[in-house]
């Protein structure tokens, strides 16, 4: 179990750290900004594919053998990316394979916890799985700042999983029992379902990730991928209904105790951006922070999870404690933190975010642990692989949905705020010129006053957009509380 957890940490860091250091890495590799966005898109696409197939392949090949292969997939493509850094196409292909390895790895924690961990301590094993959602992603900015600003070598962004994977491989080799696997399951592998997963979920994640950059349905690629997803996803649901050994058993969602955690976990992962991407975007735009300066904000969410998750598991382990009330309390705390952080002003720096980040941290633990408890109680031991696929696949899709939500708010609300501010400046230009804030006339060369005014416009836009982020994403907590 420890080996799988270490491999999952490596997989999560592969995902999040490159995203935090994307501009620096892309510049060193020689990728344009548009091409660099595909590094994250292809990773998530591979991750979705891996999460759907991991439980079935683990049973077919044997968990020990498959876990070692998943560890290999997390480190070998990363090593090759440092050697072939100037070959952009090769890096994109390797990034997809790295995402596939991540997708293979993370579901193994839940699958093995359901199959091998005794019920008396299973809840504590689930707290370890919960760390992949509430701890590791929030360490990304810290690692990005370390490699880019302290070590000052972009290659470490790709090399960082190597020690984690080495320890993971040793633990898996020593700790997991040798099993021959189920060759009959491999012979009956659901290849049709795999095709629909790749075309359906894969197309959907690309649409969410690249839609805003490509101007949505003004792009032929987005139109084609949307059409493919609209055809493939219903076909996936139908094919899995009649497959002899399905990849995803959607009939399990007829149980409300599983359906609610699956949907809520997806929405929670989007909501969790209020503790990561939202404050980081504000600090980097409004205050000019780099990852090394901003990382303490997300670290305030990550580190308490080491105590809060096992503590929440201990609380839930008491018979008289209702997981639903703990879950509701978690959403109330997140909602309160969003309300407090929505009072952001241009003078805020990272210190003003700490209190709200700590409250979010408590809320995250109180939300995730009850969801996992409710979900696993609804899954029978022999249904573990199917339940793992259903719980984990929305996790990867949620990452694309979160990107879409943040970019949509920035485009619609951010653009509106910027236009209104510029309109106000135009209406009051004469007064601003008299006060010396704007230069008179139309300077032919960049004027320091105009540069300063543009900086203030960007800062004001960032403040107003951040408020919108907290209000709109925080409303998800209200919806989930009512549900």
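In table form, for the structure just shown:
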{"item": "Boolean, residue 149 is within 30 Å of residue 411 (Cβ to Cβ), at pLDDT below 85 and over 20 Å from the mean Cα position of the chain (by Cα)", "result": "yes"}
{"item": "Filter result for residue 41 (modelled with pLDDT of 85 or more, part of a helix (DSSP H, G or I) and touching a helix residue (DSSP H, G or I) at 6+ places or on another chain (Cβ under 8 Å))", "result": "yes"}
{"item": "The range 76-93: number of residues that are surrounded by 22 or more Cβ atoms within 10 Å (Cβ to Cβ) and either under 24 Å from residue 372 (Cβ atoms) or without any contact (Cβ under 8 Å) to a residue 60 or more places away in the chain (or both)", "result": "1"}
{"item": "Selection within the range 285-323 - assigned to a helix (DSSP H, G or I), surrounded by fewer than 19 Cβ atoms within 10 Å (Cβ to Cβ) and at pLDDT 90 or above", "result": "296, 299, 306, 307, 310, 311, 314, 315"}
{"item": "Contacts under 7 angstrom Cβ, first residue in the range 1-30 being without any contact (Cβ under 8 Å) to a residue 60 or more places away in the chain, partner outside any helix (DSSP H, G or I), 6 or more apart", "result": "30/86"}
{"item": "Matching residues in the range 336-357 - criterion: being part of a loop (DSSP other than H, G, I, E, B) and in contact with a helix residue (DSSP H, G or I) (Cβ under 6 Å, 6 or more places away or on another chain)", "result": "342, 344, 346"}
{"item": "Failed criterion for residue 179 (all others in (1) within 26 Å of residue 42 (Cα to Cα); (2) in a loop (DSSP other than H, G, I, E, B); (3) touching a residue at least 24 places away in the same chain (Cβ under 8 Å) hold)", "result": "(1)"}
{"item": "Any pair with Cβ under 6 angstrom, 6 or more apart, that starts in the range 334-345 at a residue that is over 18 Å from residue 367 (Cβ atoms) and ends at one that is buried (at least 21 other Cβ atoms within 10 Å of the Cβ)", "result": "342/470; 344/466"}
{"item": "Residue in the range 217-228 that is under 28 Å from residue 35 (Cα atoms) and not in a helix (DSSP H, G or I) present", "result": "yes"}
{"item": "Flag for residue 425 being more than 30 Å from residue 185 (Cβ to Cβ), at pLDDT 80 or above and surrounded by 14 or more Cβ atoms within 10 Å (Cβ to Cβ)", "result": "no"}
{"item": "Top-ranked residue in the range 160-187 [being surrounded by 14 or more Cβ atoms within 10 Å (Cβ to Cβ) and over 32 Å from the mean Cα position of the chain (by Cα); ranked as nearest to residue 72 (Cα to Cα)]", "result": "179"}
{"item": "Test: residue in the range 154-170 that is closer than 21 Å to residue 246 by Cβ and outside any loop (DSSP other than H, G, I, E, B)", "result": "no"}
{"item": "Candidate set from the range 1-38 (those that are more than 18 Å from residue 277 (Cα to Cα) and within 15 Å of the chain's Cα centre (by Cα)); member that is surrounded by the most Cβ atoms within 10 Å (Cβ to Cβ)", "result": "11"}
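One line per residue, one yes/no per condition, for (1) more than 17 Å from the chain's Cα centre (by Cα); (2) in contact (Cβ under 8 Å) with a residue 12 or more places away in the chain; (3) at positive phi; (4) crowded, with 20+ Cβ neighbours inside 10 Å:
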{"residue": "372", "(1), (2), (3), (4)": "yes, yes, no, yes"}
{"residue": "375", "(1), (2), (3), (4)": "yes, yes, no, yes"}
{"residue": "381", "(1), (2), (3), (4)": "yes, yes, no, no"}
{"residue": "384", "(1), (2), (3), (4)": "yes, yes, no, yes"}
{"residue": "388", "(1), (2), (3), (4)": "yes, yes, no, yes"}
{"residue": "396", "(1), (2), (3), (4)": "no, yes, no, yes"}
{"residue": "400", "(1), (2), (3), (4)": "no, yes, no, yes"}
{"residue": "404", "(1), (2), (3), (4)": "no, yes, no, no"}
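Rundown of residues vs (1) in contact with a helix residue (DSSP H, G or I) (Cβ under 7 Å, 6 or more places away or on another chain); (2) on the phi > 0 side of the Ramachandran plot, yes/no style:
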site: 178; (1), (2): yes, no
site: 181; (1), (2): yes, yes
site: 186; (1), (2): yes, no
site: 194; (1), (2): yes, no
site: 197; (1), (2): yes, no
site: 221; (1), (2): no, no
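The values are calculated or read from the model by the stated rules, or taken from the named source; none is laboratory data. Note that the coordinates shown come from a computational prediction; the quantities given were computed from them, not determined experimentally. Neighbour counts run over all protein chains shown; Cβ positions are idealised from the backbone, glycine included.
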